[in-house]
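The values are calculated or read from the model by the stated rules, or taken from the named source; none is laboratory data. Please read these numbers as outputs of a predicted model, since none were measured by experiment. For neighbour counting, all protein chains shown are included, and Cβ atoms are generated from backbone atoms with ideal geometry for every residue, glycine included.
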Amino acid sequence: MKAIEDFLEKIIFASRWLMAPIYIGLVVCLFFLLYVFIHEIIIFIPLATSAGESGVILFILNLIDLSLAGNLLLMVIFSGYENFVSKIDVGGHKDKPAWMGKVNFSNLKLKLISSIVAISGIHLLKIFMSLDQYTKEQIILYISIHLAFVLSGVLLAFMDYIIGKTSKHS
């Protein structure tokens with residue numbers, strides 16, 4: 001019976017590698033983001049002189065939005081792979097991010113919701129830059145969604161705080 005148990009545990013442990021192709025798929029998504037980023041720049045270049053201040057600001061906000069989405073993808077890829085599949089061995093590479101290998105699932109949740117709130121905030125700023133293109137109901141909906149993200153982040157942080165307090169007392 002112990003042999004069967006050991007065999008099952010080895011299969012279950014090895015099943016973590018089923019996540020590796022998903023992380024590879026997320027790396028492919030980074031290429032899509034890069035393509036969109038470059039495409040946005042190429043499209044904007046001929047329009048730059050006639051875009052005006054708000055047009056340039058909206059363009060920059062769009063690029064920042066894409067950058068945050070890329071950062072979010074990298075965090076999920078690195079920390080997800082390291083937390084659930086295998087440690088990434090880059091040795092003492094000088095460019096290794098300081099947070100790599102130190103982000104646990106709880107930290108990842110908070111980083112993810114923080115990034116989502118930042119992306120949502122940028123979208124709100126884009127909306128406020130062109131209010132005339134939106135109805136009052138749409139604006140209220142976007143603000144409500146943003147506030148839901150903010151509230152979710154605060155509640156996640158609070159839950160982690162409570163868990164941290166109860167873990168210290170156990």
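Out of the residues in region 1-27 that are of a type in the set (Val, Ile, Thr) and surrounded by 10 or more Cβ atoms within 10 Å (Cβ to Cβ), state the one that is nearest to the chain's Cα centre (by Cα).
VAL27
Consider ILE88 against the criteria (1) crowded, with 17+ Cβ neighbours inside 10 Å; (2) over 11 Å from the mean Cα position of the chain (by Cα): it satisfies all of them except one. Which criterion is unmet?
Condition not satisfied by ILE88: (1).
Being under 15 Å from the mean Cα position of the chain (by Cα), at pLDDT below 85 and of a type outside the set (A, V, I, L, M) is the requirement here; does ASN104 meet it? Please lay out each step first, then the result.
Numbers: under 15 Å from the mean Cα position of the chain (by Cα): yes; at pLDDT below 85: yes; of a type outside the set (A, V, I, L, M): yes.
Considered against the rule, which asks whether it is under 15 Å from the mean Cα position of the chain (by Cα), at pLDDT below 85 and of a type outside the set (A, V, I, L, M), ASN104 comes out as yes.
Count, please, the residues in region 137-157 that happen to be without any contact (Cβ under 8 Å) to a residue 24 or more places away in the chain and either under 14 Å from LYS126 (Cβ atoms) or touching a strand residue (DSSP E or B) at 6+ places or on another chain (Cβ under 6 Å) (or both).
Qualifying residue count for the region: 4.
Can you pull out the residues in region 128-158 that are small (Gly, Ala, Ser) and either within 21 Å of LEU58 (Cβ to Cβ) or in contact with a Gly (Cβ under 7 Å, 6 or more places away or on another chain) (or both)?
Listed by number, the list holds a single entry, SER130.
Output the qualifying pairs, or none if there are none: Cβ atoms under 8 angstrom, residues six or more apart or on different chains, first residue in region 71-89 and under 18 Å from PHE31 (Cα atoms), second residue among the aromatic types (Phe, Trp, Tyr).
ILE77/TYR23
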